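Following: one structure in structure tokens, then a few remarks.
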Amino acid sequence: MSDQNSIHEDNHHHGDRNHPGFDPERLLAMEERRRSFMPPEPVVEELISDPSWSLLDLGCGTGYYALPAARLLPKGRVFALDIQENMVSVTLDRARKAGLENVAGIVAPSSHIPLDEASVDAALVAMVYHDLPEQTETLDELRRIVKPGGIISMVEWDRVDSDFGPPMSIRISPPELEAALRAAGFTVSASKRSAVQPALYFLSARAPRS
């Protein structure tokens, strides 16, 4: 039996302040299952190339990607953003318990990110974009806050059959996401599919240099 509904609770809205939200405890309980098809370490290791970088984790949830990213950035900083205050609180509490002092929490919608222009070296948008109500505005904000030539890394669900994942109606195919990134001014630099879960894919893009 497909488990789409339960696994979709792994993702949560980040742009609508009226959205009822998701339960952090449930998200924490699902981490072991998430690791079976998308461990966070390889994702952040491939993205981060400088220990002094500043990184935005858009839709941080309970810190699944933010914490391993922070370990790779001993001289940098991770901005963990989520629309849900309880998610950010859990992420910051986990960072504190892990001795990670370089994680800053931000409670805000993805369409209005309270960071300065060209203030981060990279942004990670992992299994989040398909669930955003304001996708165009979010990409505009990412272009604004990522430094010229900086990286945006995205992990998404393709419109192909899988035993779990978000509803097919809100998934986005690689060509669709590439088109959206280009329309926002990014240059797509790499694309690949997960070897573990074929419905998942990765896109990297560079922010415009001028």
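The values are calculated or read from the model by the stated rules, or taken from the named source; none is laboratory data. All figures in this text were calculated on a predicted structure; none of them were measured in a lab. Backbone-built Cβ (ideal geometry, glycine too); neighbour counts: all protein chains shown. When the accessible area is computed, the model is the full protein with side chains, heavy atoms only, and any ligands, DNA or RNA have been set aside. Shrake-Rupley method; radii C 1.70, N 1.55, O 1.52, S 1.80 Å.
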Subject >> 5 angstrom amide H check on GLY150, placed H, neighbours 5+ away >> reply: ALA207
**OP:** Express the relative contact order of the chain as a whole percentage, based on alpha carbon pairs under 8 Å and six or more residues apart in sequence.
**Re:** 21
Original post:
Could you work out the helix-only [θ] at 222 nm for the chain, with each DSSP H run of four or more residues adding -39,500 (n - 2.57) and the total divided by the number of residues, to the nearest 500 deg cm²/dmol?
Top reply: -8500 deg cm²/dmol
Original post:
What does the accessible area of SER54 come to, in Å² to the nearest 10, when a probe of 1.4 Å is used?
Top reply: 20
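Could you give the length gained on full extension between ASP93 and SER169, defined as 0.36 nm per residue of separation minus the Cα-Cα distance, in nm?
Values: separation 76, 0.36 × 76 = 27.36 nm, distance 3.47 nm.
Separation in residues times 0.36 nm, less the Cα-Cα distance, equals 23.9 nm.
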Original post:
Largest first, what is the accessible-area ranking of VAL188, VAL120 with a 1.4 Å probe?
Top reply: VAL188, VAL120
Original post:
In the full protein assembly as shown, how much of ARG35 is accessible to a 1.4 Å probe, in Å² to the nearest 10?
Top reply: 110
Subject >> Sparse-neighbourhood loop sites, chymotrypsin sites (Phe, Trp or Tyr not before Pro) in region 73-158 - DSSP loop, at most 15 other Cβ within 10 angstrom >> reply: none
**OP:** Round to the nearest 10 and report in Å² the accessible area of ASP116, as given by a 1.4 Å probe over the protein chains' heavy atoms.
**Re:** 120
Original post:
What list of ³J(HN,Hα) values in whole Hz, one per residue of region 175-190 in order, does the Karplus curve 6.51 cos²θ - 1.76 cosθ + 1.60 (θ = phi - 60°) give from phi, with Gly and Pro shown as x?
Top reply: x, 5, 5, 4, 5, 5, 5, 5, 5, 7, x, 7, 10, 5, 10, 7
Original post:
In the chain, with Lys and Arg counted as +1 and Asp and Glu as -1 at Cβ, which of these residues, LEU47, VAL125, ILE83, has the Cα nearest the positive end of the dipole, that is, farthest along it?
Top reply: LEU47
Original post:
Please state the relative contact order of region 106-210 as a whole percent: Cα pairs under 8 Å, 6+ residues apart?
Top reply: 28
**OP:** Mark the label point 7 Å from the Cα of ARG209 along Cα→Cβ and return the residues of region 130-161 whose backbone N is within less than 13 Å of it.
**Re:** 148-150
**OP:** Excluding PRO148 itself, calculate the net charge of residues whose Cβ lies under 12 Å from the Cβ of PRO148, where each Lys or Arg counts +1 and each Asp or Glu counts -1.
**Re:** +3
Subject >> Structure-derived P(r) over Cα pairs in 5 Å bins from 0, in percent - corresponding label in (i) 1, 7, 14, 16, 17, 14, 11, 8, 6, 3, 2, 1, 0, 0, 0, 0; (ii) 1, 8, 16, 21, 23, 18, 10, 3, 0, 0; (iii) 1, 7, 15, 19, 20, 17, 11, 6, 2, 1, 0 >> reply: (ii)
Original post:
Do any GluC sites (Glu not before Pro) in region 102-160 lie in a loop, going by DSSP, with at most 10 other beta-carbon atoms within 10 Å of their beta carbon, and if so which?
Top reply: GLU117
Original post:
Which residues does a label at GLU176 reach in region 138-158, if reach means a backbone N under 13 Å from a point 7 Å past the Cα toward the Cβ?
Top reply: 156-158
